[in-house]
Amino acid sequence: MRIKKSLGKKLMRQMFERNMSVLSKRWPHIAQLIKNCKSDIKYEAVLSHVGGSPNLIAKLPDGRKIQFHSPNPKAEALSYLSQPDFRYPQFVVFLGLGLGFYPLFFLSEKSQTLKYMLIVEKDPEVLKWAMSLVDLTPVLSFPGTQLMVGVPEEKTYPFLRSYMEQGALKYYAKTIKVVTHEPSFALHKDYYMKVVRDLRDAVRETLLFFGNDPHDSLIGLDNIIKNLANIAKYPGIKDLFGKFRGKPAICVASGPSLKKNVHLLKDVQDKALIFCCDATLKPLLKHGVKPHFVTSLERVPEVVPFFEGLDAETLKNTWLAACPVVVPEVYDTYQGPKVIVYRDFAHFKWLGIDKGILRIGPSCANMSFKIAEALGCNPIILVGQDLAFAETGESHVDGHIYGTDNVKPKGAFYVEGNYQEKVLTTPVWYMFLKHFELDVAEFKGLCINATEGGAKITGTKVMKLKDAIDNFVTQSFDPVSIIRENLKEPSPEEVASALDKLSNRIAETREFVDFVLQKFNEALEEVMEYKKKVLAEILKRDVDKITDEERQITNQLANKLIKLKTEILGHQMFYLFLMHVVQPYVIKSEVEFAAILDKYRNIEFARVEFVAKHEEWFKVMIKLIELCRERLDWAEEVLKKGMPVKPSR
């Protein structure tokens, strides 16, 4: 670092230590990063004029110099703040920190509405300079601040996806405003452009993952209730957590490239733990490959044919690792041993019957990966995970029961391939791919993509399956024995006890649900009365005007609704039993509520619309909660019938 003497090294050190005291508590990894950072760019700090704001100059290897700010950085920030889009900012993403003037001025000028700031800075040394020159403690202390500093390009999507899943962030997805620090963008254009693309993907995939459809969630709840006896009597995947530490796993999907290397799997059945998707089971069996686990996740009856016609002898060493949102006919049809795997849905925590919960993505291939990780496997090798059409147009491997072209290229688009410059994928496959990238980024081991074709999954090491086997799948062991030795069959007494506890939980939940319905119906009446007496009067006027009394009534009711929703939706029982069903609607509506501010010059009219829109909100929520209430009565009847508990295979 080169410093002009006039800045005073002592003052800079004091400023840095002041900022560091805050940074190190919230982001210790970033504090460590900037202590040891080295940049390819040389920086020099200067004063714009006597008594003026500090500035930073980047000196590039080609001799060019880039100044980070104008002599008046406040005017720079105000040029953004004066734009109509930034009238009521709630969620601002800063591309490039500069010396931190933009987030500082946004925070000071827009504190009334600003809730979240994501500050993206590629070069950690820039943050180090900023912390030496400017008091950033207001920004670093602001609860809504998140720093994304020095994150390598291959990690930007996983970082942003994990970030968007935090708390209420997803509710503000439509309010995101991007502020670009132009000098930083000029220095690292490709990086910041990738961040923008990844942020777009992260927002979309998060909303898809959490906000699918209440109807789908109800189907899942229905299947859980139908599977209560299966849940109670079969062992849980938790019994196997960590039992295959350091052993290689091979996760096989049914992409069209599988035909190129499926023949290699037969000889490694005693050297790797082999997983396959439900649709991949029959194609593997035709090649003499008997996987140790077959995963199943979908809630639809179309899954059942994947297991029809397979006898107990064929499947005796292949465990069905299904999430019990599948239709019960899946368990009835499958003739081999079974193990319960919970997806990270609150309903499984509500049951109180611990089987092991994993944060599983949207496909059974994602599920295979997460189970392999939980069991301690390393490396994890992906095979047949094309997530793209073959060059000749096939969507699936030969032998798939629904054909090799059962996916049509509707809405298809190109992405980077493993062996081709670009391959054709679909929105659904792309969703699977992005979740793989998130899982791989969180995995502490090595993930090898031995799919000989298909789309690139960032973070994986691309390798031919033969090479992966030669290098990593060399030691024999007995996977079947390890599984049998560790899976614990629940005793009849344990099954009866679990179902008895669930019966008590149902009674407790019913009482809470009735309370919620009462409170929401009361709130609905208040909102309808408000619309009749207050909103109707406002709409009669030819000019946009709201009286002091109307303003007071609106603010009081808005605050009352926010308090009620916070208390009810934040209740543990609401999360455990109701949230998974209502969540898609809650996310959709809260995104729309957050976007109301952008529609008005006068924030008071935004509050009026916020209150008025809650008539529909309460009506929809009451209907969904009533449907959940019906499921409680049904679950109680299922338990009262004393569904027979058959010995598990």
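A few remarks follow.
- Number of positions in the range 29-48 that are more than 20 Å from N19 (Cα to Cα) and polar (S, T, N, Q): 2
- Enumeration of residues in the range 351-364 that are hydrophobic (A, V, I, L, M, F, W, C), open to solvent by 10 Å² or more (accessible area, probe 1.4 Å) and more than 14 Å from the chain's Cα centre (by Cα): I353, I357, C364
- Residue count for the range 485-514 satisfying the condition of being closer than 20 Å to K565 by Cβ, open to solvent by 30 Å² or more (accessible area, probe 1.4 Å) and either under 31 Å from the mean Cα position of the chain (by Cα) or of a type in the set (V, I, T) (or both): 0.
- Output for the range 66-83, where each listed residue is touching a residue at least 60 places away in the same chain (Cβ under 8 Å) and open to solvent by 80 Å² or more (accessible area, probe 1.4 Å): Q67
- Single residue of Y530, Y585 found to be within 24 Å of K349 (Cβ to Cβ), crowded, with 17+ Cβ neighbours inside 10 Å, hydroxyl-bearing (S, T, Y) and touching a residue at least 40 places away in the same chain (Cβ under 8 Å): Y585
- F436 passes every criterion in (1) touching a residue at least 60 places away in the same chain (Cβ under 8 Å); (2) surrounded by 15 or more Cβ atoms within 10 Å (Cβ to Cβ); (3) part of a loop (DSSP other than H, G, I, E, B) apart from (3).
- Evaluation of V22 against (1) closer than 21 Å to A186 by Cα; (2) touching a residue at least 24 places away in the same chain (Cβ under 8 Å) (one fails), failing number: (1)
- Condition met for I553 (within 30 Å of L240 (Cβ to Cβ), touching a helix residue (DSSP H, G or I) at 6+ places or on another chain (Cβ under 8 Å) and among the β-branched types (V, I, T)): no
- Among the residues making up the range 462-501, those that are over 30 Å from K259 (Cα atoms) and among the acidic types (D, E) are E485, E489, E493, E494, D500.
- Qualifying residue in the range 375-396 (condition: touching a helix residue (DSSP H, G or I) at 6+ places or on another chain (Cβ under 8 Å), open to solvent by 20 Å² or more (accessible area, probe 1.4 Å) and at pLDDT 95 or above): no
- Any hit, the range 460-475, residues being touching a residue at least 40 places away in the same chain (Cβ under 8 Å), buried (at least 22 other Cβ atoms within 10 Å of the Cβ) and not hydrophobic (A, V, I, L, M, F, W, C): yes
- In the range 534-582, residue least open to solvent (accessible area, probe 1.4 Å) [restricted to those that are closer than 27 Å to R510 by Cβ and among the polar types (S, T, N, Q)]: T566
- Restricting the range 594-644 to residues that are among the small types (G, A, S) and buried (at least 17 other Cβ atoms within 10 Å of the Cβ) leaves a set whose member that is farthest from Y116 (Cα to Cα) is A635.
- Of all residues in the range 410-433, those satisfying the criterion of being open to solvent by 40 Å² or more (accessible area, probe 1.4 Å) and assigned to a loop (DSSP other than H, G, I, E, B) are K410, G411, E416, Y419, Q420, E421, K422.
- I448 meets the stated requirement of being in a strand (DSSP E or B) and open to solvent by less than 10 Å² (accessible area, probe 1.4 Å).
- Restricting attention to the range 40-59, the residues that are touching a Lys or Arg at 6+ places or on another chain (Cβ under 9 Å) and modelled with pLDDT of 80 or more add up to 10.
- As for the range 46-53, it holds at least one residue that is over 30 Å from Y600 (Cα atoms) and open to solvent by less than 30 Å² (accessible area, probe 1.4 Å).
- Within the range 244-348, helices (runs of 4 or more DSSP H) holding 2 or more residues that are among the hydroxyl-bearing types (S, T, Y): 328-333
- Selection count where residues are open to solvent by 10 Å² or more (accessible area, probe 1.4 Å) and farther than 22 Å from P362 by Cα, scope the range 278-305: 5
- Flag if G63 is on the phi > 0 side of the Ramachandran plot and open to solvent by 30 Å² or more (accessible area, probe 1.4 Å): yes
The values are calculated or read from the model by the stated rules, or taken from the named source; none is laboratory data. Since the model is a prediction, treat every value here as computed from it, not as a measurement. A quick note on method: Cβ atoms are made from the backbone with ideal geometry, for glycine too, and the neighbour counts reach across all protein chains shown. Side chains are part of the model used for accessible areas, which takes the heavy atoms of the whole protein and leaves out ligands, DNA and RNA. Shrake-Rupley method; radii C 1.70, N 1.55, O 1.52, S 1.80 Å.
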